[in-house]
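Taken together, the values in this text are just the output of simple stated rules run on the coordinates, not laboratory data. None of the values given here were measured: they were computed from a predicted structure. All Cβ positions, glycine included, derive from the backbone under ideal geometry; neighbour counts span all protein chains shown.
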Amino acid sequence: MREEELAHAVRLREKGEKEEARRLLVGLARRHPGDAEVAYQTAWVHDSLGLEAEAVPYYEKALAGEGLTAEDRLGAWTGYGSTLRVLGRYNQALEMFTRGLGEFPGDPALRTFKAMTLYNLKRPQEAVSMLLKVIAESDKAGGYQRAIGYYADNLDERV
């Protein structure tokens with residue numbers, strides 16, 4: 001029953017029927033308070049509706065619980081940190097991105113959101129450096145990976 005209801009709610013969210021998905025997921029979360037997967041999906045639907053503050057406790061339950069796939073744990077760290085950043089809770093967001101990177105070192109999305117948070121915390125040099133490293137490690141640097149990687153740590157260097 002739980003699996004079918006959860007799958008149905010996820011399909012509704014994916015089809016854009018977010019309010020109905022939210023209604024179903026909140027009910028599931030009430031009936032399964034320790035279920036990390038239900039909590040994660042409930043957080044996600046709240047975020048997708050712009051209800052970030054309501055998503056926070058569900059992200060916390062999802063990350064505190066067990067049973068999420070690695071992909072969903074990564075999504076939960078990213079979503080939770082991003083939600084905290086949108087809410088202006090920058091120090092907490094930075095902590096979540098740092099913890100997420102402890103579990104998923106090098107993840108480009110987590111690093112990019114962490115860079116945005118560093119910017120919000122008035123730490124632009126660290127933010128730009130982090131973004132440059134993400135670019136340098138990607139296949140999108142157009143052959144300039146080495147130079148971009150160097151300048152990520154030497155932004156103020158002049159010839």
Note down the magnitude of the dipole of the chain about its Cα centre, charges +1 on Lys and Arg C-beta and -1 on Asp and Glu C-beta and zero elsewhere, to the nearest 20 debye. 420
Measure nothing but the geometry: give the 0 to 90° angle between the long axis through the Cα atoms of 52-64 and the longest principal axis through the Cα atoms of the chain, rounded to 10°. 90
Once you place label points 7 Å from the Cα toward the Cβ at residue 139 and residue 11, how far apart are they in nm? 3.4
What angle, in degrees between 0 and 90 and rounded to the nearest 10, separates the Cα long axis of helix 90-103 from the longest principal axis of the Cα atoms of the chain? 90
Each residue of the range 33-47 in turn: what ³J(HN,Hα) in whole Hz from Karplus with 6.51, -1.76, 1.60 and θ = phi - 60°, glycine and Pro shown as x? x, x, 8, 5, 5, 5, 4, 4, 5, 5, 4, 4, 5, 5, 4
Toward the positive end of the charge dipole of the range 84-159, about the Cα centre and with charges on Cβ (Lys, Arg +1; Asp, Glu -1), which of 120, 135, 102 goes farthest? 120
Counting only other residues whose beta carbon sits under 14 Å from that of residue 32, what net charge do I get with K and R as +1, D and E as -1? -2
In whole Å, what is the distance between the alpha-carbon centres of the range 88-159 and the range 28-87? 24
Whole-number value, in Å³ per residue, for the convex hull of the alpha carbons of the range 1-109 is 93
Here FRET efficiency (C-beta to C-beta, residue 86 to residue 158, R₀ 41 Å, nearest 0.05) is 0.65
